[in-house]
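Heads up: the structure comes next, in structure tokens.
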Amino acid sequence: MNELPSISFQKASAIKTYQEKKLADLLVYLQTHSAYYRELFRSHSIPIQNIQSIEDLSLIPPTEKEHLQMRNKEFLCVAKNKIIEYTATSGTVGSPVTVALTENDLQRLAYNEYSSFACANGTSEDIYQLMLTLDRQFMAGMAYYSGIRKLGAGVVRVGPGVPSLQWETIERLKPTAIVAVPSFIIKLIQYAEDNGIDINTSSVKKAVCIGENIRTEQLEPNILAQRITDKWNIQLFSTYASTEMQTAFTECEAGKGGHLNPELLIVELIDDNGQPVAEGEAGEVTITTLGVEGMPLLRYKTGDICKAYTQPCSCGRHTLRLSPVIGRKKQMIKYKGTTLFAPALFEIIHRIDAIKEYVVEVYSNEIGTDEVLLHLTAINELEETQNKIKAYLQARLRVTPHIKYIEPDTMQKLQFPDGVRKPVKFIDRRKNG
């Protein structure tokens, strides 16, 4: 892999030329080694030599998550003895998917996160405290660790949760940055306030935020980000990634969308017909991996809805940038005539200070339409508090979801069922879910 600065700083035309050469290499590799894609090319009569540009990709039917789940082994392009690591998706929507990596893939993964941390103002002088799991087949934890090592920075593996341990470690080892889920950073702030810790005199100056949006569709800080920075004077960097793409989109200091790493991925935003959406429109993030050896993917639909920004960034990069995830295809809610994506509902809930924790459950009623049940833990059990929460939700949603108040220990079990490595905030119990 190239060392930074990467081709991200070259003109968009040079980036496209590079990607199309790598695409040609990928197509030959898939034709030779992938049982799944060889059959796809044959059954759809697609001569790979006809795919010469990124625009030509629209001639190829997209790969769905269900294909990867049901025909997993057909995607493997190497002998089993070449596989070094077996990872799995978190199963946010549907059952987890196994993604196998070779030694070269692990090196690519390290380069990806090295590039990402460098994009987010990381240097070899930094010390990163990892507030996430490195076990349970979690690719991201391993990627952060190896990327930080490649950057030459220090790393402190504390793991998820336990605010008291996080703060004790910050005080003792003086990390300059944390990698954490934004809603957990809120808990860190709350713990500090409850225990007389002055967070703004701590060593931590920036946070790489994972797993949750910290920006609106307009790329402004959302309410979750505001709740952090109103109390803690740290710089927040948003990231977006998935296990299947083995690549991350990470913000630079400008905070205007996650930068594509063009050496590692081709990205399209497509509509329901598999065609590219118009400039500025939201579409489903569809990725083609570059340089993956074990389980490369071609036109893989992630299920995530985003917008793309193509104008050059003030940081000097000329790469495409992605907005925060507007929603997931399978988490679209049609509730009493209103169409909602889960992130929009989360944003409304985050605005209610009286709510400490939540889980959104969607299920089908007796006539087959969507119903929404909010499991909430409130700051107290007063009727006045519950009435305020109900009134605010009704005003913002224009419809009133069902609400069930639960105790903190019940909420903990709901958010962290056995085997889950990040908090569950959305449960889909619909008949077709």
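The values are calculated or read from the model by the stated rules, or taken from the named source; none is laboratory data. Here the structure is a predicted model, which means the values were calculated and not measured. Please note: Cβ atoms are built from the backbone with ideal geometry, for glycine as well, and neighbour counts cover all protein chains shown. To get the accessible areas, we keep the full protein, side chains included, count just its heavy atoms, and leave off ligands, DNA and RNA. Shrake-Rupley method; radii C 1.70, N 1.55, O 1.52, S 1.80 Å.
Those residues that are open to solvent by 70 Å² or more (accessible area, probe 1.4 Å), polar (S, T, N, Q) and either closer than 14 Å to GLY274 by Cβ or not in a helix (DSSP H, G or I) (or both), I need them from the stretch 47-64; list them, please.
Listed by number, the list holds a single entry, GLN52.
Please specify each residue of the stretch 371-421 satisfying the condition of being under 27 Å from LEU130 (Cβ atoms), of a type outside the set (A, V, I, L, M, F, W, C) and out of contact with any helix residue (DSSP H, G or I) (no Cβ under 9 Å at 6 or more places or on another chain).
Of everything in the stretch 371-421, those that are under 27 Å from LEU130 (Cβ atoms), of a type outside the set (A, V, I, L, M, F, W, C) and out of contact with any helix residue (DSSP H, G or I) (no Cβ under 9 Å at 6 or more places or on another chain) turn out to be PRO408, ASP409, GLN412, LYS413, GLN415, PRO417, ASP418, GLY419.
Let me confirm something: among ALA118, ALA110, which residue is assigned to a helix (DSSP H, G or I), touching a Lys or Arg at 6+ places or on another chain (Cβ under 7 Å) and within 30 Å of LYS205 (Cα to Cα)?
ALA110
How do the strands (runs of 3 or more DSSP E) wholly within the stretch 236-297 filter down when requiring 2 or more residues that are open to solvent by 10 Å² or more (accessible area, probe 1.4 Å): which remain?
Per the criteria, 265-270.
Just checking, does the stretch 410-433 include any residue being in a helix (DSSP H, G or I), touching a strand residue (DSSP E or B) at 6+ places or on another chain (Cβ under 7 Å), within 26 Å of PRO182 (Cα to Cα) and open to solvent by 80 Å² or more (accessible area, probe 1.4 Å)?
no
Which condition from (1) outside any helix (DSSP H, G or I); (2) of a type outside the set (Gly, Ala, Ser); (3) touching a His at 6+ places or on another chain (Cβ under 9 Å) is the one that GLU74 breaks?
Failed condition: (1).
Going by the structure shown, is TYR309 buried (at least 21 other Cβ atoms within 10 Å of the Cβ) and of a type in the set (Phe, Trp, Tyr)?
no
Identify all residues within the stretch 216-235 that are open to solvent by 30 Å² or more (accessible area, probe 1.4 Å), modelled with pLDDT of 90 or more and part of a loop (DSSP other than H, G, I, E, B); write none if there are none.
Across the stretch 216-235, the qualifying residues are GLU220, ASP230, LYS231, ASN233.
Go over the candidates ALA177, ALA241 one by one and state the one that is under 26 Å from GLY152 (Cβ atoms) and touching a helix residue (DSSP H, G or I) at 6+ places or on another chain (Cβ under 8 Å).
ALA241
Answer yes if at least one residue in the stretch 33-42 is among the hydroxyl-bearing types (Ser, Thr, Tyr), open to solvent by 30 Å² or more (accessible area, probe 1.4 Å) and assigned to a helix (DSSP H, G or I), and no otherwise.
Among the residues of the stretch 33-42, not one is among the hydroxyl-bearing types (Ser, Thr, Tyr), open to solvent by 30 Å² or more (accessible area, probe 1.4 Å) and assigned to a helix (DSSP H, G or I), which makes the answer no.
Given the criteria among the acidic types (Asp, Glu) and open to solvent by less than 10 Å² (accessible area, probe 1.4 Å), does ASP105 qualify?
Answer is yes for this residue.
From the residues in the stretch 179-201 that are of a type outside the set (Val, Ile, Thr) and within 21 Å of the chain's Cα centre (by Cα), which one is surrounded by the fewest Cβ atoms within 10 Å (Cβ to Cβ)?
Across the stretch 179-201, the extreme among qualifying residues is LYS187.
How many residues does the stretch 331-365 hold that are assigned to a strand (DSSP E or B), at pLDDT 80 or above and either touching a His at 6+ places or on another chain (Cβ under 9 Å) or open to solvent by 50 Å² or more (accessible area, probe 1.4 Å) (or both)?
So the count comes out to 7.
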